Amino acid sequence: MPAPSLPKKLSRPALVLIILAALALISIALFMTLGAKGSWSFVLSFRGKKLLSLVLVAYAISVSTVLFQTVTNNRILTPSIMGFDALYVLIKTAIVFFLGVGALISIDSQIQFLVEVLVMVGASSLLFRWLFLGEERSLHLLVLVGIVFGILFRSLGNFMQRMLDPGAFNVLQDTLFASFSTTDPAILAISCVVVAAVSLVGLRLMHTYDVLSLGRSQAINLGVEYKRTVAIILVLVAILVSISTALVGPVTFFGLLVATLAHSLVGNSKHRYVLPAAILLAIICLVGGQTLLERVFAFDTALSIIIEFLGGIVFIFLVMRKSAR
């Protein structure tokens, strides 16, 4: 009589994903229920919109960062290196500088959102087309030019901000901090549709991510249509970063934080594990962090400040570790 087979032991990535999924569900449950008073229909509707905004931003930032690190083959880089946050600041500053501070409040928020997303996606697409689709250009040149443009946008923004009156400058500064507390439902709906469309395209390329992470030469030798695939991924990254930046404001180091933690926890570079781990970690950080700040400590501090501080520490640690090697 054959001996009964022993239950198969869960692999480390599967175990990590199960634990992260459980923590993410606990964070979501606490966010929706902790300290809730009054009508549940109002509470669920109010907090549900906020939760959807947090989850959407967590998804957009984590996926865009992991994919950007894959195509650049560098785990220190993030999409913000291409100057997305600097362009967002420049657009907001230009509105106040040329149209006045009243325009920032009076212009419909949906129009502002669409303009910001279109400008950021358009600028990045032109950059990708100009630099990356030519025969003699490389991905490293694309990243370097992105850094230069980021510095240019930041310098122009700072120049215009110095010429604003103090009142207008204060109003502008309030809009430039990432805020996860308020989001227009119409903007949220548009963002969900766009992110869903981007995700469908990204899923069709899922089989190429692990190969691309090996580097350009290996990817081409293994049959990946390198330039076309990377160009599509960069456009998807540009759309996701533009959506998250226009939705809540610039968040520079958050993607680096969750992508680094995902790689460390999963223990390998397979995207079928790293991508969901990064998404779940981002949800835990944003939803759990917002719950702690709002419901437990009753702080008014913007969550983005704490996240950027932790992400900055991770960035410095990674740079120092690479320098030590």
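The values are calculated or read from the model by the stated rules, or taken from the named source; none is laboratory data. Remember, it's a predicted structure, so these values are computed and weren't measured experimentally. Note: ideal-geometry Cβ built from the backbone for every residue, glycine included; neighbour counts use all protein chains shown. Accessible surface is based on the protein model in full, side chains and every heavy atom, while ligands, DNA and RNA are left aside. Shrake-Rupley method; radii C 1.70, N 1.55, O 1.52, S 1.80 Å.
Things worth noting here:
- Test result for residue 86, of a type in the set (Gly, Ala, Ser) and within 30 Å of residue 166 (Cα to Cα): yes
- The conditions of being of a type in the set (Gly, Ala, Ser) and closer than 24 Å to residue 108 by Cβ are met by residue 167.
- In summary, residue 37 fulfils each of the numbered conditions (1) touching a Ser or Thr at 6+ places or on another chain (Cβ under 6 Å); (2) not in a helix (DSSP H, G or I) with the single exception of condition (1).
- In the range 200-211, the residues that are in contact (Cβ under 8 Å) with a residue 24 or more places away in the chain and assigned to a helix (DSSP H, G or I): 201, 202, 206, 209, 210
- Scanning the range 32-55 for residues that are of a type in the set (Ser, Thr, Tyr) and either open to solvent by 10 Å² or more (accessible area, probe 1.4 Å) or touching a Lys or Arg at 6+ places or on another chain (Cβ under 7 Å) (or both) returns 33, 39, 41, 45.
- Tally, over the range 56-99, of residues that are surrounded by fewer than 19 Cβ atoms within 10 Å (Cβ to Cβ) and closer than 29 Å to residue 26 by Cβ: 1
- Wholly enclosed helices (runs of 4 or more DSSP H) of the range 212-325 bearing at least 1 residues at pLDDT below 75 and out of contact with any helix residue (DSSP H, G or I) (no Cβ under 7 Å at 6 or more places or on another chain): 303-324
- The range 214-239 residues that are farther than 20 Å from residue 203 by Cα, paired with ones that are β-branched (Val, Ile, Thr) and in a helix (DSSP H, G or I) (beta carbon under 9 Å, 6 or more apart): 216/230; 218/211
- Residue count for the range 79-112 satisfying the condition of being within 30 Å of residue 233 (Cβ to Cβ) and of a type in the set (A, V, I, L, M, F, W, C): 10.
Residue by residue, here is whether (1) within 17 Å of the chain's Cα centre (by Cα); (2) open to solvent by less than 50 Å² (accessible area, probe 1.4 Å); (3) farther than 19 Å from residue 241 by Cβ holds:
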site	(1), (2), (3)
186	no, yes, yes
198	yes, yes, no
201	no, no, no
210	no, no, yes
213	no, yes, yes
221	no, no, yes
224	no, yes, yes
